[in-house]
1. I need the per residue convex hull volume for the chain, using only the alpha carbons, in cubic angstrom as a whole number.
2. Rank the residues E62, E157 as a footprinting-exposure proxy: fewest other Cβ atoms within 10 Å of their Cβ go first.
3. Report the Cα-based extents of the range 103-227 along its three principal axes, largest first, to the nearest Å.
4. Taking neighbour counts of Cβ atoms within 10 Å as a proxy for exposure, in what order, fewest first, do T177, T326 appear?
5. For the range 164-260, just say rounded, prolate or oblate: build the C-alpha gyration tensor, square-root its eigenvalues into a ≥ b ≥ c, call rounded for a/c under 1.5, and beyond that prolate if a/b exceeds b/c, oblate if not.
6. Let me know the whole percent of all Cα-Cα pairs from the range 133-183 that are separated by more than 17 Å.
7. Among V73, Q183, I7, which residue has its Cα furthest toward the positive end of the charge dipole of the range 2-354, with +1 on Lys/Arg Cβ and -1 on Asp/Glu Cβ?
8. Any chance you could run the full-extension gain for V124 through F341? It's 0.36 nm times the residue separation minus the Cα-Cα distance, nm to one decimal.
Amino acid sequence: MKKNRDILGIILVGVIVGIVAICLGIFGNPANMALCIACFIRDTAGALGLHRAEVVQYIRPEIIGIVLGAFVVSLVKREYAPKGGSAPLTRFVLGICVMVGALIFLGCPMRMVLRMAGGDLNAVIGFVGFVVGVLTGIFFLHKGFTLRRSYDQQPAEGALFPAINALLFVLLIAAPTFVFFSQSGPGSLHAPLLISLAAGLVIGVVAQRSRLCFIAGIRDAALLKQARMLICFVVILATVLIGNLATGKFKLSFAEQPIAHTEWLWNILGLYLVGFGSALLGGCPLRQLVMAGGGNGDAGVTVLGYLVGAAICHNFGLASSAAGTTLNGRIAFGVCVVVMFIVAITSSEDFKGKGRISK
C-alpha cells in the first residue's frame, strides 16, 4: 500500500512539473525552453554583467522561486540542516564543466526532456550521451568515489544562498542601470514576472519534497534497481508531449528546432559532460538548486560554478548556437572531460589503493 502511494505521489509530481512547464511556454518563455536550469542561470549571469551576450540577459524569476520554495518548505518540514565543506573548490570546478557541457548541447537535463517532448530528435540523440555520462559516474561510485563528508554549519550560513536570491528579486523589480535585460533573442522571451516566480516556487516545493533529480533516475535504476524517479521523468515527458500536441507545438524533426543545433556528435558529448559531472556532484542542476535552497553550502558552491561557467562560455565563445558548436567549445569539452576523469580517479578509493606501496 505504501509503495503504491509513493508511486502515485511521484506520478503527481511529474504531472505538476509538466503542467508548469507547459504554462510557462504558453505565457511567454522560449519554445522548448520553458524550464531550463542551465539556460536560466546563463541568462541571470548575463543580466548581472558577467557576460555581454545581449540576447541572453534576464534575471529569471523561476530560479529565484525554486530556491526560495525549497528554503521555505525545508523550514516548514523541519528539514533545514545547513551543511558544507565537502571539497568546495572541486565542486566549483565541476560546476563550470557541467555548464560547458550544457551550453554545448544547449540545455540541461530538464530542457533535454522538454526538447524531446517537443519532437526535437537532437535531444533524443543527446540523451544517449547523458545516460553514458551518468553510467561513467556510477562506475566511479562503484570504485569508491567520494568528495568526502560535509560538516554542520551555522543556520545563518545556510540562509545566505536564499538571501542572495531574494536580493536578485529586488534587482529584477528595481531594474537599475547596471542590470542588463535582453531586447531580442531568448532573453527577451519570458512569462510575466509573478507567473514565473509562482512557477518556480511550485517547482521548488515539489522538487524538495520528492527529491526530484534527473541523475538519480538513472543512478537508482542502475544501482538500486528502483524505477521511482525514472517514472517521474516519463510522466514529465508524457505530460509536456500531450500539451505540445494539444497546442500545435509538437514538431518531429532534427532541423529547425528552436534554440538547438543538429551536430549529433556534439549533442551527445555535451550531455555526456552534464551526466558525468552531475553524477560526481551527486545531483543534476535542478537538484543542486533545491539543495542549496535547503541550506546545503556545497550545492550553493556548485551553482556558483554554473554561474561562472555560463559567463566563461559566452565570454570566450564556448557556447553553441543554432548554427552549431564552436572550435573553442570543442576544445573546452576536451579540457573538461580530462578534468572530470582526474577528479574521478584521484577521489576513488580503489584507484588510490592501487597506488599504495605495501610494507
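Values in this text are rule-based calculations from the coordinates and carry no lab data. Keep in mind it's a predicted model, so treat the numbers as computed, not measured. Cβ coordinates were reconstructed from backbone atoms using ideal geometry, including for glycine residues, and neighbour counts include every protein chain displayed.
1. Working: hull volume 50.2 nm³, N = 359.
Expressed per residue, the convex hull around the Cα atoms of the chain is 140 Å³.
2. Placing the least packed residue first, the sequence is E157, E62.
3. 50, 46, 25
4. On the way: T177 5, T326 18.
The fewest-first ordering by Cβ neighbours comes to T177, T326.
5. Details: a/c = 2.36, a/b = 1.38, b/c = 1.71.
Because a/c hits 1.5 or more and a/b fails to exceed b/c, the range 164-260 counts as oblate.
6. On the way: 828 of 1275 pairs.
In whole percent, the share of Cα-Cα pairs in the range 133-183 beyond 17 Å is 65.
7. In the range 2-354, that residue is I7.
8. Numbers: separation 217, 0.36 × 217 = 78.12 nm, distance 2.53 nm.
This chain segment gains 75.6 nm when fully extended.
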